[in-house]
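Engineer: Handing you this structure, nothing more for now.
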Amino acid sequence: MILDKVENTNDLKKLTISEMTELAEEMRELIIKKVNTTGGHMGPNLGIVEATIAMHYVFNSPKDKIVFDVSHQCYPHKILTGRKEGFTKPEFYNKYTGYTAPEESEHDLFKVGHTSTSVSLATGVAKARDLKGEKHNVIALIGDGSLTGGEALEGLNNAAVLNSNIIIIVNDNDMSIAENHGGIYANLKLLRDTKGQAETNFFKTLGFDYKYIDEGHNIEKLIELFQQVKDVDHPVIIHMHTIKGKGLKIAEQEKEAFHWILPGTLDAKDNSTTCETEDYNTITTKYLYEKAQNDNKVIVVNPATPGVHGFSPEYRKKLGKQYLDVGIAEEHAVATVSAMAKAGAKPILAIMSSFIQRTYDQLSQDLCLNNSPATILVYWGAISNGDATHLGSYDIPMISNIPNLVYLAPTSKEEYLHMLDWSIEQTSHPVAIRVPSEPMISTGIEDESNYSILNKYKVETQGDTVAIIGLGNFFWLGQKVCEQLKKQLGVNATLINPKFVTGIDQELLEDLKKNHKLVITLEDGQLDGGFGEKITRFYGTSDIKVKNYGADKEFTDRIPLEELYKRYHLTPELIVEDIKTILG
């Protein structure tokens with residue numbers, strides 16, 4: 001194998017074009033095998049192999065700084081920068097994160113997993129270089145729809161007038177995560193169709209020196225172009241046309257499905273037997289479609305991650321004009337649904353917990369200050385074993401402390417659908433619903449709660465001495481704790497389903513003082529600034545003790561969930577042991 005000769009980027013520079021072409025195919029085979037085993041980003045990495053080889057052949061990393069956008073495209077880079085064992089040896093498949101990580105290699109400048117940041121980061125690196133009087137290249141790689149993000153446009157606007165070396169490679173594979181949306185992609189298509197010769201050129205209007213390459217998988221031509229722009233003294237755009245999923249036929253054909261895959265996806269495709277089970281995605285899509293059919297004011301909005309929510313291409317087509325993909329632009333999505341709601345539509349924005357972090361100002365100013373009755377569905381909000389860049393444990397502190405916003409945490413299918421229906425039809429508040437991340441639970445009991453009466457908790461089991469308030473995902477953990485308390489201590493604990501994340505039921509909490517000594521709160525997220533602290537503050541001047549359970553304020557990185565639960569004492573056994581100690 002040619003790869004046997006390559007331990008670092010210096011070894012790469014000794015190869016011939018023919019050897020590098022062979023190397024590209026070897027790298028593809030490794031990526032396909034590894035990603036099919038572990039899961040991860042398949043299409044973006046397969047599409048950037050040749051360009052990565054050419055970049056490292058021409059530029060001198062780590063002296064020259066390469067900044068990756070989102071890191072969806074960093075696997076080939078990792079193979080060439082001393083981490084190939086993470087792709088050649090199955091026992092090391094999980095050694096390296098799926099994103100750039102400075103702790104792994106000096107070739108990685110930033111830990112990055114959210115979109116549209118590379119140009120801004122590279123502009124800052126270039127400016128620091130200039131201030132220090134250094135001489136090296138700064139390269140930003142951006143693609144997969146990242147140009148729809150506001151920060152990407154802000155970065156381009158400033159990079160264009162830097163008046164020194166910055167090279168921005170736009171990897172144009174005619175795709176975002178799903179299909180592209182937005183006017184900028186019409187211009188990219190025009191430029192592709194005219195081989196970069198069209199008079200209308202978005203990048204030139206900003207002042208960039210613009211260069212187009214149609215053969216984004218031709219290593220020899222890529223090297224020639226990169227050599228042309230190396231050490232330039234002004235901002236340059238390289239518009240590079242590539243194929244997402246290059247080299248894996250099914251990934252080229254099903255670009256959206258193979259942007260990111262679960263372990264064993266290729267095996268499942270080879271032995272395809274589909275068995276659809278009901279979960280929170282399927283009941284959501286079914287409900288929203290039926291709602292849209294009966295009400296033309298209903299519209300589903302998503303910022304370019306439709307697969308997360310079960311919004312398949314067929315589903316989006318069925319919804320027609322009642323579905324809107326705004327591109328990777330979460331801030332714009334929140335402001336847009338606020339305006340829709342203010343103007344009389346019934347928008348439902350579906351967004352991941354990790355990505356709603358990007359929208360704080362729009363939530364506060366555009367949505368809540370204007371009290372627009374939009375609905376936001378927050379997915380994957382929970383403590384998780386995910387990468388540090390995609391954690392979903394911070395949405396409760398962020399969302400639940402903005403005035404006017406009602407944040408709800410259902411515990412079952414019945415509660416969730418009832419909350420969703422109430423939210424869409426009410427006109428008094430902006431409402432967010434934390435879609436449960438646990439396997440779906442159906443109680444079979446119709447939820448008849450009136451959510452217009454804000455912050456009204458539900459006592460599921462009346463007891464004494466200890467009260468367990470289990471929020472959302474962790475209500476069922478609370479139920480297990482109650483069972484253990486009865487079994488081990490003979491304590492009939494009170495079990496409470498708060499439903500509301502954003503407020504407290506003062507009447508109920510006051511009533512607990514009569515015959516309770518301890519209140520336990522359970523929340524599937526960060527404790528600092530979270531739900532439990534609201535309860536603790538209420539009891540601050542009383543004799544009742546309060547113990548909050550949730551996650552510490554920390555960035556975790558691919559730590560097994562079982563380990564995190566032990567760390568945070570989020571198991572029935574550990575909670576009961578704590579209660580024994582507190583009660584003496």
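Engineer: Quick one: give the max-minus-min coordinate of the C-alpha atoms of region 370-443 along each principal axis, largest first, in Å.
Structural biologist: Sorted from largest, the Cα extents of region 370-443 read 37, 32, 13 Å.
Engineer: Give the Rg/Rh ratio for the chain, taking Rg as the radius of gyration of the Cα atoms and Rh as the Kirkwood radius, to two decimals.
Structural biologist: 1.01
Engineer: A further question on this structure: Return the calculated 222 nm mean residue ellipticity for the chain, to the nearest 500 deg cm²/dmol, obtained by summing -39500 (n - 2.57) across DSSP H runs with n ≥ 4 and dividing by the residue count.
Structural biologist: Computed mean residue ellipticity for the chain: -10500 deg cm²/dmol.
Engineer: Before anything else, pin down the relative contact order of region 2-266: Cα pairs under 8 Å, at least 6 apart, normalised by residue count, whole percent.
Structural biologist: Relative contact order for region 2-266 comes out at 25 percent.
Engineer: I would also like to ask the following. After finding the eigenvalues of the alpha carbon gyration tensor for region 410-523, what semi-axes result from the square roots of 5 times each, listed largest first in whole Å?
Structural biologist: 26, 17, 11
Engineer: Ok, one more. Let me check against my output: what whole-number percent is the relative contact order of region 21-122, with C-alpha pairs under 8 Å and at least 6 apart?
Structural biologist: Taking the mean separation of contacting Cα pairs over the length of region 21-122, I get 29 percent.
Engineer: Lys and Arg at +1, Asp and Glu at -1: add these up for the other residues within a Cβ distance under 10 Å of VAL501 and post the number.
Structural biologist: Here the charged neighbours net out to +1.
Engineer: Turning to a different aspect of this structure: Could you state the per residue volume, in Å³, of the convex hull enclosing the Cα atoms of region 458-583?
Structural biologist: So the per-residue hull volume is 101 Å³.
Engineer: Among the listed pairs LYS84/LYS211; LYS34/LYS63; LYS297/LYS318, which have their C-alpha atoms separated by more than 27 angstrom in this model?
Structural biologist: Result: LYS84/LYS211; LYS34/LYS63 exceed 27 Å.
Engineer: Based on other C-beta atoms within 10 Å, arrange TRP260, TRP476 from fewest to most.
Structural biologist: Exposure proxy ranking, most exposed first: TRP476, TRP260.
Engineer: Could I ask something else about it? Taking the Cα-to-Cβ direction at ASN401 and at ASP214 and moving 7 Å from each Cα, how far apart do the two end points lie in nm?
Structural biologist: About 5.5 nm separates the two model spin labels.
Engineer: Taking every DSSP beta bridge that has both residues in the chain, what percent is antiparallel when rounded to the nearest 5?
Structural biologist: In the chain, DSSP labels about 10 percent of beta bridges as antiparallel.
Engineer: Turning to a different aspect of this structure: Tell me, PHE92, PHE355 in order of fewest to most beta-carbon neighbours within 10 Å?
Structural biologist: PHE92, PHE355
Engineer: If you rank HIS259, HIS114 by fewest surrounding Cβ atoms within 10 Å, what's the result?
Structural biologist: Lowest count first: HIS114, HIS259.
Engineer: Going highest first, how would you order 332-340, 314-322, 128-136 by mean Cβ packing within 10 Å?
Structural biologist: Those peptides, ordered most packed to least, come out 332-340, 314-322, 128-136.
Engineer: Let me ask something else. Between LYS230 and ASP511, what length in nm is gained on full extension when 0.36 nm per residue of separation is reduced by their alpha carbon distance?
Structural biologist: Difference between extended and current length: 94.0 nm.
Engineer: Under a point spin-label approximation (7 Å from Cα along Cα-to-Cβ), what is the ILE250-LYS5 distance to one decimal in nm?
Structural biologist: 3.4
Engineer: Between LYS321 and ALA343, what is the label-to-label distance in nm when each label sits 7 Å out along the Cα-to-Cβ direction?
Structural biologist: Going from the LYS321 label point to the ALA343 one covers 1.2 nm.
Engineer: Right, here's the next one. Among LYS78/LYS111; LYS189/LYS230; LYS486/LYS545, which pairs are too far apart, with a Cα-Cα distance over 22 Å?
Structural biologist: LYS189/LYS230
Engineer: Calculate the length of the line joining the C-alpha centroid of region 567-582 to that of region 391-413, in whole Å.
Structural biologist: 25
Engineer: Still on this structure: Hey, what did region 280-434 get for relative contact order, percent, Cα under 8 Å, at least 6 apart?
Structural biologist: Relative contact order here is 22 percent.
Engineer: Using a Förster radius of 25 Å, what is the FRET efficiency between ARG537 and SER449 based on their Cβ-Cβ separation? Nearest 0.05, please.
Structural biologist: So the FRET efficiency works out to roughly 0.50.
Read the figures in this text as sums done on the coordinates, not as results from a lab. Nothing here was measured: the structure is a model prediction, and the numbers come from that model. Cβ coordinates were reconstructed from backbone atoms using ideal geometry, including for glycine residues, and neighbour counts include every protein chain displayed.
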